[in-house]
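Engineer: The structure is given below, and queries will be raised subsequently.
The values are calculated or read from the model by the stated rules, or taken from the named source; none is laboratory data. Please read all numbers here as calculations on a predicted model, not as lab measurements. Cβ: placed from backbone, ideal geometry, glycine included. Neighbour counts: every protein chain shown. The protein model used for the area step is the full one, side chains on, heavy atoms only, and it has no ligands, DNA or RNA in it. Shrake-Rupley method; radii C 1.70, N 1.55, O 1.52, S 1.80 Å.
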Amino acid sequence: MSRPYAKLPRWIDYGLIPLVNLVVAFLVAGLVVLAVGESPFEAAALMLRGAFGYTEGFGFTLYYATNFIFTGLAVAVAFHGGLFNIGGEGQAYVGGLGVTAVALSLGAILPWWLNLPLAIALSFAFGALWAFIPAYLQAKRGSHIVITTIMFNFIAASLMVYLLVGVLKPVGSMAPETRTFDAGGQLPKLKGLFEVFGFNLGGAPLNVSLFVALLAAVLVYVLIWRTKLGYEIRTLGFSPRAARYAGMSQTRLIVVTMMISGGLAGMMALNAVMGDQYRLAIDFPQGAGFVGIAVALMGRGHPAGIVPAAILFGMLYQGGAELAFDMPAISRDMIVIIQGLVILFAGALENMVRPGIGAAWQRLRLRTVEPAGENVGEAR
Amino acid sequence: MDLSSFLDLIDSTIRLSTPLLFAALAGLYSERSGIFDISLEGKMLIAAFASASAAAVWGSVMLGLCVGILAAVGFSLVHGVASITYRGNQIVSGVAINFIAAGLTIILGQSWFGQGGRTPSLFGGGRFTAVELPFAEAVRDVPVLGPIYSGVLSGQTPLVYVAFLMVPLTWWVLFRTRFGLRLRAVGENPAAVDTAGISVAFLRYRAVIICGVLTGFAGAYLSTAQAAGFTRDMTAGKGYIALAALIFANWKPVPVMFACLLFGFLDAVSIRIEGVDLPLVGEVSVQLVSALPYILTVVLLAGFVGKATPPRAGGVPYVKER
C-alpha cells in the first residue's frame, strides 16, 4: 500500500485517470439528481442538448469556457508555486474595475481594438493588486494564504457593492450598476466570424476575449515551462527549502506568483464586463473564480488540460441553465455540487483510482511483454 | 454607554461567539492530529441544514441536533478518507467539501421544502429555547452582579453552555488523558506514534469524527438556536473565521475561547456601529460594517500570528516507509 506509485505513461496520467475521476464525480452527481426525484440520464441528455445541441447553445458554452480558462489558469499558476489561490472570485470582481475604468473613460474616444490592450493591462493590474496583500502577508507574516484570500473575496464583495451603489452608479438610476459603455468599450461578438463557417450563434455573447484567453493559455505555458521565472515558481512549489537553498527569494516569488495568478483572474472581467454586459454589475463573476479551482485540478495545471476542462465546465454552466427550465428541481446550484465533486475526485481523491489503474496497466504490459521472452516482470 | 447596553453587547458577544467556539474546537481536534481542515465551513452548513430540516419535519430540536451531527460526521469521514486513507491534499479536499455542502443544501432544500433553499420556520419544540438559571429572577435587583447573572449568564440557549463547557473538557482530554497525548503526538510526529504500536490512521479518524460532532453542534446552533430555520449560505464565512481564531490562538483550547470571544465581540460591535456617528470617522457605511469581520480577521492574522506554530505534521499524509 505504501510503496511509491509506479510511473505511468503520460496518456494514463493525463488522460485516463482524470477521465475516470470525472466519471466517478458524475456518477455521484447522478445520485443527487436521483435523490431529488429526477432521472439522471434525462438530465444528462437535456444538459448535452442545451450545451451542444444547437449553435447558439454552443456559443454560450464557449462564452462560459472563456471565463473558466482565465480563472483556471489563475489557480494553476498559483498551484505550480505551491500556493492555493481561492481568491479568484474576488480578484475577478475587482478586475472588473480595471475594465470599467478604461471603458468608461476612453469608450467614446478610442476604438475597441485600442481599448482592448489597455483593458487587459488594467484588469490584470487590478486583479494582481487584490492578490498582492494576501501574497505579501503570506510571504512576510506567514498568514495562511487560503484564509486571507477567502477573506478578500468577502471584502471584495462589500467593496464593489459600496462602489456600485455609491460612486459608479449614474445619477438618477436605481440599479446598482454603471452606465452602459460607449461603442469603444464593447468588444465585438464572434457572430460574424462563425457565420463564415455556416454557424449561427444567435444571441450568444461569445466575443474576442476567447482569443485573449487562448493567448493567455499559451503564455502561461511559456511562462511556467520555458522561462527562468517559471522554473523558480515550480521549484518553490516542489520544495520551498530547495528554492531557498538555491538562493531564490521566497518573498519575491510568492508575491510575483500570486500577482500573476490574481491578474489572470482579473482578466476574466474582460469577457463578462466588456464582452457581454457592457456595464459593471453586481456579482458579475457568478462563481467563475471558484470554478477555476475545479478546472485547474481537472486540467492538471497544464494549459493543454485547462482549456478542455474549461469547455467542459462551460458545457455544465450552459447545459445547467437549460436544464433548470425543464427540471425546476435542479437549479444552477447543481453545478456547485458537480464542481465540488470534481475537486474531490480529481484533486483530493486522485490516489483512489491510481493504484488500481497502475496495477492493471502493469499486468497488461507484462502480458504483452512476456511472450516476447523479456522477463522484466519481477523488476517492480 | 450605560450598564444595560453594555451587558446587551456582552450578551450578543457570547451568542455570536458560540458557533465560532464549537467550530474552532472542532478544528482544534482535527488539526492537532495532523489533519488540516478548511471544511469547517461546509460541515457547519450541512449540519445547519440537516438539523433545521429534521427539526422542521419531526418538530423535535434534539432529533434535529442528532441529524445535524450525523450529517457533519458523514462529511468529516469523506475528508478523513481523502486525507488519511488516500493521502490526498487536505486543503483541496476541504474546499471540495465546502462546495458540495453549499450546493447540496440548496438543491435538497428546494426539492424538499420548495422555499428557495430555506427550510420552514421553526417554532415551539423545533427550537432551542433559553434556559433560566436558578435564582435568576431573585437576584436581578442586586446592583451590578444581579444584571450580569440574570441578563448575561442566565437566559442563554443550552448549546451556549455546552460550548463553553467544551473548553475545559477539551483541555482535559488533550492534556490530561492518554488519548489526548497520543492525539497531540500524532500531529507532531506520527512515525513515533507508529513505532509505539499505535495506529496513526485510527487515531486520526477518531480526531476527524470528533471534529464532525462539534461542527454538527455549531451548525445546529446556527439554524435552531440563533435563527429559526436554515437560510442559504447562512454560515457566511464563520467556518473560516473559526479557523482564523484557531490559528490566532496557536492551537490551544483556552486561548481559542478568548479568540472566539474576540471575534464574536467584533461582530457584535460591527452590528451596532451601523448608522452611528462616530467621532473622527463620521457615519460608517453599511458595506464597511459587513466587511468588518473579514477585514479584522486579516488584520489579526497579519499582525499577531507571526509566531504561530502549527502542529508539525499538519497537512502531511503519513506514509510508513518515509
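Engineer: Can you list the HN-Hα couplings for the stretch A:355-368, worked out from phi with the Karplus curve (6.51, -1.76, 1.60; θ = phi - 60°), rounded to whole Hz and with x for Gly and Pro?
Structural biologist: Per-residue couplings from phi come out as x, x, 5, x, 5, 4, 5, 4, 5, 4, 5, 4, 5, 7 Hz.
Engineer: Something else now. Can you list residues whose amide H is under 5 Å from residue B:156's amide H, if they're 5+ apart or on another chain and H is modeled 1.01 Å from N?
Structural biologist: B:131
Engineer: How far, in degrees from 0 to 90, does helix A:303-326 lean away from the longest principal axis of the Cα atoms of chain A, to the nearest 10?
Structural biologist: Roughly 70 degrees, rounded to the nearest 10.
Engineer: Now for a different question. Give the long-range amide H neighbours of residue B:35: residues separated by 5 or more places, or on another chain, with amide H under 5 Å away, using H modelled in the peptide plane at 1.01 Å from N.
Structural biologist: B:315
Engineer: I need the calculated FRET efficiency for the pair residue A:196 and residue A:114, taking r as the beta carbon distance and R₀ as 30 Å, to the nearest 0.05.
Structural biologist: Here the calculated transfer efficiency is 0.75.
Engineer: Efficiency by 1/(1 + (r/R0)^6): what FRET value for residue A:252 and residue A:218, r their Cβ-Cβ distance, R0 = 22 Å, to the nearest 0.05?
Structural biologist: Result of the calculation: an efficiency of 0.30.
Engineer: Also, quick follow-up: Can you list the lysines whose alpha carbon sits under 23 Å from that of residue B:43, skipping same-chain ones fewer than 8 residues off?
Structural biologist: B:238, B:252
Engineer: Tell me: how much accessible area in total is hidden between B and A, 1.4 Å probe, Å², nearest 100?
Structural biologist: Roughly 3700 Å² of accessible surface disappears when B and A pair.
Engineer: Still on this structure, I have one more. List every residue whose amide H lies under 5 Å from the amide H of residue A:281, counting only residues 5 or more places away in sequence or on a different chain, with H placed 1.01 Å from N in the peptide plane.
Structural biologist: none
Engineer: Relative to the longest principal Cα axis of chain B, at what angle does helix B:286-304 sit, 0 to 90 degrees, rounded to 10?
Structural biologist: Here the helix axis deviates by roughly 40 degrees.
Engineer: If packing is taken as the mean number of other Cβ atoms within 10 Å per residue, what is the order of A:129-136, B:313-320, A:66-73, B:11-18, highest first?
Structural biologist: Averaged packing, sorted descending, gives the order A:66-73, A:129-136, B:11-18, B:313-320.
Engineer: Longest segment of chain B with no GluC sites (Glu not before Pro) in a DSSP loop having at most 12 other Cβ atoms within 10 Å?
Structural biologist: B:138-320
Engineer: Write down the accessible area per residue of the stretch A:124-248 in Å², having rolled a 1.4 Å probe over the full set of protein chains.
Structural biologist: Using a 1.4 Å probe on heavy atoms only, each residue of the stretch A:124-248 averages 51 Å².
Engineer: Express the carbon and sulfur contribution to the solvent-accessible surface of the protein assembly as shown as a percent, rounded to the nearest whole number, probe 1.4 angstrom.
Structural biologist: 67
Engineer: Also: Would you mind computing, in nm to one decimal, how far apart the modelled labels at residue B:258 and residue B:236 are, each placed 7 Å from Cα along Cα→Cβ?
Structural biologist: 2.8
Engineer: How large is ³J(HN,Hα) for each residue in the stretch A:109-119, as worked out from phi by the Karplus curve 6.51 cos²θ - 1.76 cosθ + 1.60 (θ = phi - 60°), to whole Hz, x for Gly and Pro?
Structural biologist: Values, residue by residue: 9, 9, x, 4, 6, 8, 6, 4, x, 5, 5 Hz.
Engineer: So how far apart, in nm, are the two label points at residue B:309 and residue B:130 if each is 7 Å from Cα heading toward Cβ?
Structural biologist: About 4.5 nm separates the two model spin labels.
Engineer: Next question, about the same structure. Per residue of B:289-296, what is the mean number of Cβ atoms on other protein chains within 10 angstrom of that residue's Cβ?
Structural biologist: 5
Engineer: Please give every one of the lysines within straight-line cross-link reach of residue A:169, meaning a C-alpha to C-alpha distance under 29 Å, and leave out same-chain neighbours fewer than 8 residues apart.
Structural biologist: The reachable lysines, counting only those whose Cα sits under 29 Å from residue A:169, are A:189.
Engineer: Extension gain residue B:284-residue B:192, at 0.36 nm per residue separation less the Cα-Cα distance, in nm?
Structural biologist: 27.7 nm
Engineer: Provide the FRET efficiency to the nearest 0.05 for the residue A:282-residue B:299 pair, computing r from the beta carbons and using R0 = 22 Å.
Structural biologist: Approximately 0.25, to the nearest 0.05.
Engineer: On average, how many beta carbons from a partner chain sit within 10 Å of the beta carbon of a residue in A:128-137?
Structural biologist: Averaged over the peptide's residues, the number is 1.
Engineer: Let me ask you something else. Please compute, for peptide B:236-247, the average count of beta-carbon atoms on other protein chains lying within 10 Å of each residue's beta-carbon.
Structural biologist: Rounded to a whole number, the mean comes out at 3.
Engineer: Can I ask one more? Identify the residues of the stretch A:28-43 with backbone N under 13 Å of a label point that sits 7 angstrom from the Cα of residue A:326 along the Cα-to-Cβ direction, or state none.
Structural biologist: From the stretch A:28-43, the list is A:39-43.
Engineer: Return the distance in nm (one decimal) between the two label points of a simple spin-label model at residue B:123 and residue B:58, each offset 7 Å from Cα along Cα→Cβ.
Structural biologist: Output for this residue pair reads 2.2 nm.
Engineer: A follow-up question, please. Which shape class applies to the protein assembly as shown: rounded if a/c is under 1.5, otherwise prolate when a/b exceeds b/c and oblate if not, where a ≥ b ≥ c are the square roots of the Cα gyration tensor eigenvalues?
Structural biologist: Verdict is oblate for the protein assembly as shown.
Engineer: Please list A:270-282, B:43-55 highest first by mean number of surrounding beta-carbon atoms within 10 Å per residue.
Structural biologist: B:43-55, A:270-282
Engineer: Run the numbers on the stretch B:80-97: which residues show a drop of 50 Å² or more in accessible area, chain on its own versus all protein chains together, using a 1.4 Å probe over heavy atoms?
Structural biologist: At a threshold of 50 Å² (probe 1.4 Å), the residues of the stretch B:80-97 that become less exposed are B:86, B:87, B:91, B:92, B:95.
Engineer: So between residue B:5 and residue B:138, what do we pick up on full extension, going 0.36 nm a residue minus the alpha carbon distance?
Structural biologist: Full extension from residue B:5 to residue B:138 adds 45.8 nm.
Engineer: In deg cm²/dmol, rounded to 500, what helix-only [θ] at 222 nm does the protein assembly as shown give when every DSSP H run of at least 4 residues adds -39500 (n - 2.57) and the total is split over its residues?
Structural biologist: Roughly -21500 deg cm²/dmol at 222 nm, from the helical runs in the protein assembly as shown.
Engineer: What's the angle, to the nearest 10 degrees (0 to 90), between helix B:238-248's Cα axis and the longest principal axis of chain B?
Structural biologist: That helix lies at roughly 70 degrees to the long axis.
Engineer: Using alpha carbon centroids, what distance separates the stretch A:77-131 and the stretch A:317-361, in Å?
Structural biologist: Using only Cα atoms to place each centre, the spacing works out to 29 Å.
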